[in-house]
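The values are calculated or read from the model by the stated rules, or taken from the named source; none is laboratory data. From a predicted model like this one, the values you see are computed outputs, not experimental measurements. Using ideal geometry, Cβ is built from the backbone for each residue, glycine included, and neighbour counts are taken over all protein chains shown. Each accessible area value is taken on the protein alone, full model and side chains, heavy atoms only, with ligands, DNA and RNA left out. Shrake-Rupley method; radii C 1.70, N 1.55, O 1.52, S 1.80 Å.
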Amino acid sequence: RVQGGGFGRTMQDEGVHSFFEDVSGGEVDEHGTALEAFPAPPFARSEDALVSPLPPSSSSSSSSSSSSSSSSSSHVPYAALLLCPQVWAIIINQFCSGWGFYVLLSWIPSFYQEVYGVDTKDLGDLLIVPFLVQGFVGVLVGSAADYLIAHSSMNRVRVRALFQVSGMTLSGFFLLLIVLTAPSMALSNLLLTASLGSNALTLAGVSAYQLDIAPRYAGFIFGLGNMASSVAGIIGIETTGLLLSTLGWNPVFLCAFAMFALGAIAWLLLARGHSGPLERFA
């Protein structure tokens, strides 16, 4: 078996060898490969046939430049960002807006049950409308802001201020009306719907502002604001429980109104003076 197999392989090798001689018309090596029938490109004749013919200096320079650019872009100037007034306008407004939103989201069912005696099974019909309106306004407000920036004489600072201050002021105003008027259940639902819908105006303000002032670090700034909003939700929900146990519902709405007013004032004081990216964060 071994000899027969070896003889078969020898005959096969000779056949392959003669075949390549006929096809190439030239010489073949000991493995039966034509030597000059299809000459290899110049850069593939060396031992490193798969190495690109690009000069090593260009590849090394490009790799060094890409590594230097990636290292520079990954560096976040934490101290400079935390000392920037515009960044604090975002953080404060996210905190104030988060307070109002999470308090309403968590405690409004209890408000309807305690004040108006609404049964739990009927709460869904009351609560779905305010949040549907908020979502609808949120879809439209971005296009409205983009249109004003592109087609009006208002720069980005004024457009952001228009939507942010309007959203915070109106949200607090409609909550204040609940305290002042002691309305019926239908009117309370209308005012709460108006408050949450107005709060969606801030999507064209604080939610986009970090892309205006520091596009390279917008993710970090947005994370700071989102953290502030979450912290406000934790504190606001606990504070509301304490207020309800001692003072009732009016202080709850007054506290939310004060937060919205604080956010509007902070925006007017801090988020001004730059219609584009800050030079040190561009």
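Tally up the carbon and sulfur contribution to the accessible surface of region 109-235 as a whole percent, 1.4 Å probe, everything protein left in place.
The C+S portion of the solvent-accessible surface of region 109-235 is 68 percent.
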The long-range amide H neighbours of Val118, using H built 1.01 Å from N in the peptide plane and a cut-off of under 5 Å, are Gln113
What net charge do the residues around Ser207 carry, taking every other residue with its C-beta under 14 Å from that of Ser207, with Lys and Arg at +1 and Asp and Glu at -1?
0
Inter-site label distance for Ser184 and Glu238 at 7 Å from Cα along Cβ, in nm:
4.0 nm
For 198-205, 264-271, 136-143, ranked highest to lowest by mean beta-carbon neighbours within 10 Å, the order is 198-205, 264-271, 136-143
Can you compute 3J(HN,Hα) from phi for each residue in region 176-188, using the Karplus curve 6.51 cos²θ - 1.76 cosθ + 1.60 with θ = phi - 60°, rounded to whole Hz and x for Gly and Pro?
5, 5, 5, 5, 6, 9, 6, x, 6, 5, 5, 5, 4
Could you give me the ³J(HN,Hα) list for region 193-205, computed from phi with Karplus coefficients 6.51, -1.76, 1.60 and θ = phi - 60°, whole Hz, x at Gly and Pro?
5, 5, 5, 5, x, 5, 4, 5, 4, 5, 5, 8, x
Apply the Karplus curve 6.51 cos²θ - 1.76 cosθ + 1.60, θ = phi - 60°, to the phi angles in region 89-99 and return the couplings in whole Hz, x for Gly and Pro.
4, 5, 4, 5, 5, 5, 5, 5, 5, x, 4
